[in-house]
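K.L.:
My questions all concern the structure below.
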Amino acid sequence: MTIAIFLGALILAIAMGIPVAYSLLLSGVALMWHLDLFDAQILAQNVLEGANSFPLLAVPFFMLAGEIMNVGGLSRRIVNLALSLVGHVRGGLGFVTILAAVMLASLSGSAVADTAALAALLLPMMVKAGHNKARAGGLIGAAGIIAPIIPPSIPFVIFGVAANVSIGKLFMAGIVPGILMGVAIAFTWWLVARSEGATTPPKASTADQWKALRESTWALVLPVIVLVGLKMGVFTPTEAAVVAAVYAFFVATVVYRELKWHQIYEVMVSASKTTAVIMFLVAAASVSAWLITVAQLPAQLIELLRPFMDNPTLLLTIIMLLLLLIGMAMDLTPTILILAPVLMPVVKAAGIDPVYFGVLFVMVGAIGLITPPVGTVLNVVAGVGKMKIDEVAKGVLPFMFAQILVVILLVLFPSIVMVPLKFFYS
């Protein structure tokens, strides 16, 4: 009954068009009434405490770093490097998109920011070369969702806070799965692009390749600083976000000199708006998280799933299917905030590693960003490319299925995640 009231209130509020953050608050209030615990002071206290978290400081700084990279020329130089390396091969612009997406993912950690940059820079080039516009847009969308998996990842920060899991370990565990997602869509692109007969850019000379590498070196150094710093224990993930923002600002203003002083205010405002949305979601979800604990919903869920506890693979499969369905109707951040605290006790009771589960959770949630009807990343591609969202949805299907196959592979073989984690985090 308690689960039905919580989910019923939440789904009803979202169906009425109420923003997710307010829907979370309303479902929390409904649960408080049901438990006879309603107290406005408790409500306000949980909202304030939900956002009062040192690890969550990583969110605004990573968002700021991503904005600076796009405006300050770091993203463009990464794309130019990928273009000089693989642009000339058959279907080369698609491989440029994938390679650039992987490199950009190691800089910003935001699927929306990376997708917007890739769509603006590469979609016109791919259409001009003769590629199908919807398919090219679908590829860009599928490549964009690699950003939440490869560190530094904003969703990993939020998951770590919501589920009380090491953010540093999540970062390191996401490296190999993120690369596998890129390899999967690269293979799929190789299959589908052979029939298009699109033209390819001329092969860049060795001199041009070295020039592109030199120009992008400052951008490529950033993920090295972050990953080495985390592995060596020089700074925490939150401090890594500050380092990323300061470094990006230095490179954009002093080295590349593309970020002008009059643009800084706009960059700050844009990053602040996105951060405000995320932090309000976190604050609102903290009310539900507290009530979920008080109402012992995890214990009830464990009882419901107890028949599957002896088979972790089957349990993970059921949970991943559930997350995929929810991802079609809900964005990644609220999905993490709502379900991570509920599912984590179930996962621990079944003996599944929390870091491994966190990687799978975020991967499936990221795939939800390219599934209609919500499909945040699909909307970004459609908006930038001036296409209908259903066209982009059709174009993304083969790449989405390839990424789902990667998730299935990781469910069947957990060592793909855990062995590299032990190496990177030892």
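The values are calculated or read from the model by the stated rules, or taken from the named source; none is laboratory data. Keep in mind that what you see is a predicted model, and the values were worked out from it rather than measured. Please note: Cβ atoms are built from the backbone with ideal geometry, for glycine as well, and neighbour counts cover all protein chains shown.
K.L.:
Take the residues in the stretch 44-56 that are of a type outside the set (G, A, S) and surrounded by 18 or more Cβ atoms within 10 Å (Cβ to Cβ), then tell me which one is modelled with the highest pLDDT. Can you show your working first?
P.N.:
Restricting attention to the stretch 44-56, the residues satisfying the condition of being of a type outside the set (G, A, S) are 45-49, 52, 54-56.
So of that shortlist, the ones also surrounded by 18 or more Cβ atoms within 10 Å (Cβ to Cβ) come out as 46-47, 56.
Numbers: N46: 74, V47: 75, L56: 78.
Here the residue is L56.
Quick grid of which residues meet (1) of a type outside the set (A, V, I, L, M); (2) surrounded by fewer than 16 Cβ atoms within 10 Å (Cβ to Cβ); (3) more than 24 Å from E239 (Cβ to Cβ):
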residue: L7; (1), (2), (3): no, yes, yes
residue: L10; (1), (2), (3): no, no, yes
residue: I14; (1), (2), (3): no, no, yes
residue: L25; (1), (2), (3): no, no, yes
residue: L74; (1), (2), (3): no, no, no
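K.L.:
Continuing with this model, one more query. Please state which of the following conditions A44 fails to meet, knowing it meets all the rest: (1) of a type outside the set (S, T, N, Q); (2) closer than 30 Å to G94 by Cβ; (3) without any contact (Cβ under 8 Å) to a residue 12 or more places away in the chain.
P.N.:
(2)
K.L.:
Same structure again: Can you tell me which residue among V183, V192 is surrounded by fewer than 24 Cβ atoms within 10 Å (Cβ to Cβ) and modelled with pLDDT under 90?
P.N.:
Only one candidate passes the filter, namely V192.
K.L.:
Anything in the stretch 76-132 that is of a type in the set (A, V, I, L, M), touching a Phe, Trp or Tyr at 6+ places or on another chain (Cβ under 7 Å) and farther than 27 Å from F171 by Cβ? List them, or say none.
P.N.:
Of everything in the stretch 76-132, just one residue is of a type in the set (A, V, I, L, M), touching a Phe, Trp or Tyr at 6+ places or on another chain (Cβ under 7 Å) and farther than 27 Å from F171 by Cβ, namely V89.
K.L.:
Looking at A289, A271, A299, which one is of a type outside the set (S, T, Y), out of contact with any strand residue (DSSP E or B) (no Cβ under 7 Å at 6 or more places or on another chain) and within 27 Å of D114 (Cα to Cα)?
P.N.:
Criteria check complete, one pass: A271.
K.L.:
Identify, by number, the condition in (1) modelled with pLDDT of 90 or more; (2) closer than 25 Å to I352 by Cα that V161 doesn't meet.
P.N.:
(1)
K.L.:
Restricting to the stretch 240-279, name every residue that is outside any helix (DSSP H, G or I) and either closer than 13 Å to M63 by Cα or not charged (D, E, K, R) (or both).
P.N.:
Y256, L259
K.L.:
Which numbered condition in (1) touching a helix residue (DSSP H, G or I) at 6+ places or on another chain (Cβ under 7 Å); (2) surrounded by fewer than 24 Cβ atoms within 10 Å (Cβ to Cβ) is the only one that P148 fails?
P.N.:
With (1) touching a helix residue (DSSP H, G or I) at 6+ places or on another chain (Cβ under 7 Å); (2) surrounded by fewer than 24 Cβ atoms within 10 Å (Cβ to Cβ) applied to P148, the lone miss is (2).
K.L.:
OK, next. From the list P151, P223, exactly one residue is assigned to a helix (DSSP H, G or I) and either touching a residue at least 60 places away in the same chain (Cβ under 8 Å) or in the same structural domain as T371 (by TED's automatic domain parsing) (or both). Which is it?
P.N.:
Exactly one of P151, P223 is assigned to a helix (DSSP H, G or I) and either touching a residue at least 60 places away in the same chain (Cβ under 8 Å) or in the same structural domain as T371 (by TED's automatic domain parsing) (or both), namely P223.
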